[in-house]
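Here's the structure we're looking at; comments come further down.
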Amino acid sequence: MPQSKSEETTPVSLKTLWRLGGLSILELVMRTIRERRSHQLDARSAQFSYYSMLALAPLLILIIASVAQLPLDNVLESFLRAIKAGLPDNVVQLIKRQIADIQQHSTWMLMGVALVLLGVAGSRVFLTLGAGLDAAYGVEERRRFFRASAVALALTFGVFVLLLLAMVLLVVGPMVAEYLLGRIDAPWLHVVLSTGVRWGVACGFMLIATSVVYWLVPSVKLPWYWVSPGSLFATVGWIVTMQGMRLYIENIASARYNETYGALGGVVVLLVWLYMTGTLLLTGGQINGIIRDAATGQNEK
C-alpha cells in the first residue's frame, strides 16, 4: 500500500545507501527489474520523452536568445561540438536546423510564447518524473497541485540556467586550459584537457541534475545526497547510452534509419534517446527507493 505523507521514512545515511541497505548486487538488480514492471516505469518513460520533445523547441529559442546576450563568442558552436561527441549525427543535424530557423525568425513575441510553452511542457516533464518516483518510493502525491506544479516549474527553469552555465563552461574551460598550458609544447595535452572539460561538464551536469531531481521531485522528504547509487547509475548509464546509440546508428543502422524514416530519422532517434534518458532517471530513483526500503526494514512493495 502506498504510504501517506505523514508516514514518511527515516532518513538513510549516505554510507548505508552505498552499502545497498544490506542487499547483494544480484538482489538489488532482481528487485529493480520486478518493481519497474509493477510501477509501469516504461509507460512513464514514454510520457517523459513526449513532454521533453515538446519542451525542446522553446528551450532552444530561449537558449539562443540568452546566448546572444553573453559577452562570449562561439558559444553555440562549442555547444554543437559537445553534443556531436555524444549524439548521433542525424539528431545533431536536426538540432542544427532548429537553431538556424530560430536565428532567422527570432522575435520578442516568439520568445514570450517560448517562455510559456517551456513552462508548460517542462513542468509536465517533472510532474511525470514525480509520478514515477512516487511509485518507486511507494508514496502518493500529497502536495497540493499548485505546490507540485510550482516545484516542477522551478526545476524547469533551473535546468535551463544549468544548461546555460554548462554552455559557458564549454567555452571558458578550454580557453582557461589553453592559457595555462600556453608555455607547454605538448599538443596532446591540450586535446586531452579539451576532451576532459567537455566530458567533465556533461557528467557534472547530469550528476547535479539527477541529485536535484531525486531530492526535490518525489513527494516523500529525502535528504540531499551529492552522489547516490541511483544518480551514479543514471549518469554512467546516460553516458554509455549516448555513446552506444551514436556508434550504433552512425556505423550500423544509419542507412536503415534513413531508408525507413527519411527526413523523420532524426526525430525518431531523438525520441528514442529521450525515452532512454527517462528510463535511466526513473530506474535510478527506483534503485534508491529499493535500497532505502531495505535499509529501513520496510516490506517489498
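Scanning the stretch 93-102 for residues that are under 30 Å from residue 282 (Cα atoms) and not charged (D, E, K, R), which turns out surrounded by the fewest Cβ atoms within 10 Å (Cβ to Cβ)? Step through it out loud before you land on a result.
Taking the stretch 93-102 and keeping what is under 30 Å from residue 282 (Cα atoms), we get 93-96, 98-99.
Checking the rest, the ones that are also not charged (D, E, K, R) come to 93-95, 98-99.
Numbers: 93: 14, 94: 20, 95: 18, 98: 16, 99: 18.
Residue satisfying both the conditions and the ranking: 93.
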Where a residue in the stretch 59-72 is under 15 Å from residue 101 (Cβ atoms) and its partner, wherever it lies, is at pLDDT 80 or above and small (Gly, Ala, Ser), with Cβ under 7 Å and at least six apart: 61/114; 62/114
The stretch 153-165, subset closer than 13 Å to residue 213 by Cα and more than 14 Å from the chain's Cα centre (by Cα), residue surrounded by the most Cβ atoms within 10 Å (Cβ to Cβ): 153
Boolean, residue 40 is at positive phi and polar (S, T, N, Q): yes
Any hit, the stretch 42-65, residues being within 24 Å of residue 126 (Cβ to Cβ), at pLDDT 70 or above, not β-branched (Val, Ile, Thr) and not in a helix (DSSP H, G or I): no
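Select from the stretch 253-273 the residues that are β-branched (Val, Ile, Thr) and either at pLDDT below 60 or over 29 Å from residue 284 (Cα atoms) (or both) and list them in ascending order. Write out each step before concluding.
Filtering the stretch 253-273 for residues β-branched (Val, Ile, Thr) gives 260, 267-269, 272.
Scanning the stretch 253-273 gives a single hit, 260.
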Selected residue (criterion: farthest from the chain's Cα centre (by Cα)) from residues of the stretch 103-137 that are buried (at least 20 other Cβ atoms within 10 Å of the Cβ) and either among the aromatic types (Phe, Trp, Tyr) or modelled with pLDDT under 80 (or both): 137
Number of positions in the stretch 18-39 that are under 14 Å from residue 280 (Cα atoms) and either of a type in the set (S, T, N, Q) or not in a helix (DSSP H, G or I) (or both): 1
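The values are calculated or read from the model by the stated rules, or taken from the named source; none is laboratory data. As the structure is a prediction and not an experimental result, all values here were calculated from the model. So basically every Cβ, Gly included, is an ideal-geometry build from the backbone, and we count neighbours across all protein chains shown.
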